[in-house]
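Reviewing the structure listed below.
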Amino acid sequence: MLSRMRKTYDAAFKAKVAFEAAKGEKTIAQIASEFSVHPNQIRLWRNHLMDELPELFSSRRPQQEKAREELEADLYQQIGQLKMEVEWLKKSHRRSCRDEAGRG
């Protein structure tokens, strides 16, 4: 039995199709035929566009991006700290194993 690969579309294509649907000049069926995409998928992309569009002009957007960047920087710092601790524990464990082997 042949397995069918799912189609993947890049963001620019999705935006183009969603914008066409949002304009309302053509029916969803016409757009689906033109771009070879299932009508339900077009509806999903259009709805996503319409949901996210107000956020584009929101004054909170820069604040949200700054908060995300700060969180990301903090997480990377924690990752670095944890990596150093793991390396220290590995070295410490190796030393203790050698000391026990030398005594035994």
query = Any residue at all in the range 15-25 that is assigned to a loop (DSSP other than H, G, I, E, B) and more than 20 Å from the chain's Cα centre (by Cα)?
reply = yes
query = In the range 45-104, which residue that is aliphatic (A, V, I, L, M) and closer than 26 Å to Phe13 by Cβ is surrounded by the fewest Cβ atoms within 10 Å (Cβ to Cβ)?
reply = Leu56
key: Odd one out for Ile31, checked against (1) in contact with an Asp or Glu (Cβ under 6 Å, 6 or more places away or on another chain); (2) loosely packed, with under 10 Cβ neighbours inside 10 Å   = (2)
key: Sole exception among (1) surrounded by fewer than 11 Cβ atoms within 10 Å (Cβ to Cβ); (2) not in a helix (DSSP H, G or I) for Val37, by number   = (1)
query = Out of the residues in the range 53-87 that are in a loop (DSSP other than H, G, I, E, B) and among the polar types (S, T, N, Q), which is farthest from Lys16 (Cα to Cα)?
reply = Ser59
ask   = For Met50, which of the numbered conditions (1) outside any helix (DSSP H, G or I); (2) touching a helix residue (DSSP H, G or I) at 6+ places or on another chain (Cβ under 7 Å) fails to hold?
value = (1)
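No lab work stands behind these numbers, since they all come straight from the coordinates. These figures come from a predicted structure and were not determined experimentally. Every residue, glycine as well, gets a Cβ built from its backbone with ideal geometry; the counts of neighbours run over all protein chains shown.
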